[in-house]
Structures are given as C-alpha cells and as structure tokens.
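Remarks on the structure that follows.
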Amino acid sequence: QVQLVESGGGLVQAGDSLTLSCSISGRTDKIHYVGWFRQPPGPYRDFVATISWSGPRIFYADSVKGRFTISRDNVKDTVHLQVNNLEREDTAVYYCAARTVEGLHATPAAYGYWGQGTQVTVSS
C-alpha cells in the first residue's frame with residue numbers, strides 16, 4: 001500500500017505562487033510515477049503533471065507548461081508542485097497520485113493511490 005498526503009494549498013491572489021507538497025509513505029519501492037491532478041467545481045479531474053519516481057521523465061499538461069514545475073525528493077519521499085503566476089482558472093482541489101505500474105500515463109484511472117486533496121483558491 002502507498003499513502004499520500006497533500007499540503008500547501010490556500011487562498012491566494014491572481015499572480016501569486018504556491019508550492020504544493022505530496023508526502024508519500026508505505027511501499028514507495030513499488031512506485032513508478034507520481035502525478036498531480038486537479039478538480040475544479042464539477043465531476044472531472046484533470047491531469048496537471050507527472051514525474052517518474054526514478055529517472056528523468058516529466059510530463060506536463062499543455063495548460064500549465066511554463067507556469068508549473070514538478071519535482072521530487074527521494075530522500076524525503078516527497079513530490080512538489082511549484083505553481084507560479086496563478087490564475088482564477090487554477091482554482092481547484094489538487095490531488096497527488098501514485099502509479100505502481102510501468103509506463104507514463106496522464107489519466108486518473110492509471111493511478112491506483114490517491115491523497116485526500118488540497119484546496120487552492122485564486123481570487124482576482
């Protein structure tokens with residue numbers, strides 16, 4: 001089993017920056033990728049970024065390229081999402097998720113373990 005806990009969300013103004021963190025515990029040796037997703041009000045959860053647990057693979061959604069940066073700290077078993085120049089459209093609950101099967105994927109169904117989410121609200 002893999003457990004994930006997000007932190008770092010909050011209420012910010014447009015143009016501000018945040019660092020979201022995903023602390024991971026349990027069978028981290030089984031992880032191949034850790035991804036960030038977000039869910040604005042509504043039923044759909046959108047892909048944001050993913051990073052390989054070892055090795056250099058990183059992939060971003062087009063909507064966040066250049067503003068968001070994903071990184072990992074394998075010593076602390078933590079994945080960060082640096083979000084810059086926030087826009088109102090970035091308002092969402094942000095989730096991190098772990099994939100324990102090989103292969104890069106950007107769909108929620110490909111990730112078997114999820115955190116509880118952290119709310120990011122951007123005001124204008």
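Quick look at the values:
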read-out: Among beta bridges that DSSP assigns inside the chain, antiparallel share in %, nearest 5; value: 90 percent
read-out: Mean-position separation - Cα centroids, the range 64-100 and the range 13-38, in angstrom; value: 5 Å
read-out: Efficiency of FRET between ARG88 and GLN1 - r from beta-carbon atoms, R0 41 angstrom, step 0.05; value: 0.65
read-out: Surface accessible to a 1.4 Å probe, PHE47 within the full protein complex, Å²; value: 30 Å²
read-out: For the chain, the spread of Cα positions along each principal axis, largest first, Å; value: 42, 30, 24
read-out: Per residue value of the accessible surface for the range 1-107 (all protein chains in place, 1.4 Å probe), Å²; value: 51 Å²
read-out: Test item: Cα-centred dipole of the chain, Lys/Arg +1 and Asp/Glu -1 on Cβ, debye; value: 220 debye
read-out: Surface share of carbon and sulfur [accessible, 1.4 angstrom probe, percent] for the chain; value: 50 percent
read-out: Within the range 40-124, trypsin sites (Lys or Arg not before Pro) in DSSP loop having at most 13 other beta-carbon neighbours inside 10 Å; value: ARG57, LYS65, LYS76
read-out: Cα principal axis extents for the range 83-124, largest first, Å; value: 40, 19, 14
read-out: All-pairs alpha carbon distance profile, the range 1-50, 10 Å steps from 0, percent; value: 19, 45, 30, 7
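The values are calculated or read from the model by the stated rules, or taken from the named source; none is laboratory data. All values reported here derive from a predicted model rather than from experimental measurement. Using ideal geometry, Cβ is built from the backbone for each residue, glycine included, and neighbour counts are taken over all protein chains shown. In case anyone asks, the SASA skips ligands and DNA or RNA and just uses the protein heavy atoms, side chains included. Shrake-Rupley method; radii C 1.70, N 1.55, O 1.52, S 1.80 Å.
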